[in-house]
1. What whole-number distance in Å separates the alpha-carbon centres of segment 339-411 and segment 222-260?
2. Please say if segment 216-320 is rounded, prolate or oblate, where rounded means a/c under 1.5 for a ≥ b ≥ c the square roots of the C-alpha gyration tensor eigenvalues, and otherwise the choice is prolate for a/b larger than b/c and oblate otherwise?
3. Between the alpha-carbon centers of segment 130-159 and segment 414-434, tell me the distance in whole angstrom.
4. Report for the chain the percent antiparallel among DSSP-assigned beta bridges with both residues inside it, nearest 5.
5. Based on the Kirkwood radius over alpha-carbon pairs, what value in µm²/s does the Stokes-Einstein equation return for the translational diffusion coefficient of segment 45-303 at 10 °C and 1.306 mPa s?
6. Quick one: of the DSSP bridges fully inside segment 45-303, what percent are antiparallel, nearest 5?
7. Can you give the relative contact order of segment 45-303 as a percent, counting alpha carbon pairs under 8 Å and 6+ residues apart?
8. Please identify, among 351, 87, 111, the residue showing maximal mean-square fluctuation in a Gaussian network model of the chain using a 10 angstrom Cα cutoff.
């Protein structure tokens with residue numbers, strides 16, 4: 001298998017073509033689809049571990065301690081939280097649900113960080129009671145809630161301030177989070193005010209500075225500028241009150257190629273550039289002062305490539321212009337990214353991945369919505385109903401953004417590690433779908449006057 005005939009950089013690192021069949025290690029993908037049904041998501045542990053290794057190699061350029069925090073929003077469930085715990089990663093969470101998953105996985109609370117632009121008092125208390133490692137303060141209203149919490153519970157976790165650096169990341173507008181009009185983060189003046197209020201409260205402690213400018217970023221220059229803004233804020237805080245910044249976090253957001261036309265991306269080198277620039281900026285501003293712990297919080301760049309989605313072909317329409325409209329048994333319900341972001345994917349037939357294409361195909365889903373498509377155009381060989389279609393780079397922001405639109409049942413997830421497999425999530429059933437519903441015990445029109 002070579003990159004000239006197959007986009008190797010998009011598929012899991014264990015992907016191999018043997019006897020004209022696509023495998024992940026010892027696992028034949030089409031056979032897995034036949035065994036477990038479709039739609040089906042499989043994750044390759046070797047690819048996830050390779051991405052962790054790339055980050056750790058790049059972080060060696062930082063002279064102090066480093067930590068790698070996985071962004072739960074990319075994809076999370078109970079067994080994967082246990083995997084994160086085993087791998088020694090930190091965990092970024094933003095909701096009661098993600099907090100509950102972390103607790104159920106017995107994830108170490110000191111290695112978790114609470115984010116979000118509209119945290120409730122209940123969420124802040126729950127995270128504090130759990131003993132979460134840090135709370136990333138996103139706005140002054142949130143700080144008021146934390147100040148109120150100290151009146152009844154003097155133990156509040158360490159605080160970080162999320163700075164909005166007013167930088168426009170080179171990515172889709174929906175993924176830009178650090179510009180002046182963003183809903184996220186404190187302005188520089190607000191951050192200074194927050195630090196003053198924290199210093200005045202004996203039960204609050206500021207230990208870190210954080211920012212995040214967006215996701216699916218390949219040109220890291222904007223992230224380097226964000227680091228400069230964090231360092232400048234640290235200098236200003238020290239000048240005002242001597243706050244000791246122990247953690248510096250420029251966020252995450254490094255990208256993952258999705259389409260054959262996307263360039264390959266040297267993840268380790270990108271991380272290395274961030275660490276090198278941050279170390280230099282800190283030393284220039286602080287002299288011989290110890291470097292804080294550098295925290296990076298990737299999601300997509302750790303897990304996207306590890307995932308493969310498998311679907312079964314159904315109806316096929318042949319248009320006069322030569323385009324085929326190919327319906328599959330998944331789409332917008334399990335992957336809304338094409339409809340939401342215009343995201344581009346590729347696909348192949350895992351039972352004949354190197355077969356020459358006969359023309360373009362538009363891959364659409366079964367839902368009652370014209371926006372239910374997966375791939376606008378992809379060159380594919382002859383297709384017949386029943387064929388299995390494999391889509392790479394399916395590991396991030398697909399299942400975590402999935403829905404039950406049209407009462408569609410969510411697909412199962414399997415984790416492939418060496419020669420073994422484990423079911424991480426079973427296929428959703430109609431009983432699961434109905435579990436939250438409360439049936440009427442009398443006529444729905446009872447008591448309603450015309």
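No value in this document is a laboratory result; all are computed from the given coordinates. This one's a predicted model, so the numbers in the text were calculated from it and none came from an experiment. All Cβ positions, even for glycine, are placed from backbone atoms using ideal geometry, and neighbour counts span all protein chains on display.
1. 37 Å
2. Working: a/c = 3.55, a/b = 3.16, b/c = 1.12.
Cα axes put segment 216-320 in the prolate bin.
3. So the separation of the two Cα centres works out to 37 Å.
4. About 45 percent, rounded to the nearest 5.
5. 86 µm²/s
6. Working: 1 of 28 bridges.
Bridges in segment 45-303 are about 5 percent antiparallel.
7. 24 percent
8. Maximum among the listed residues: 87.
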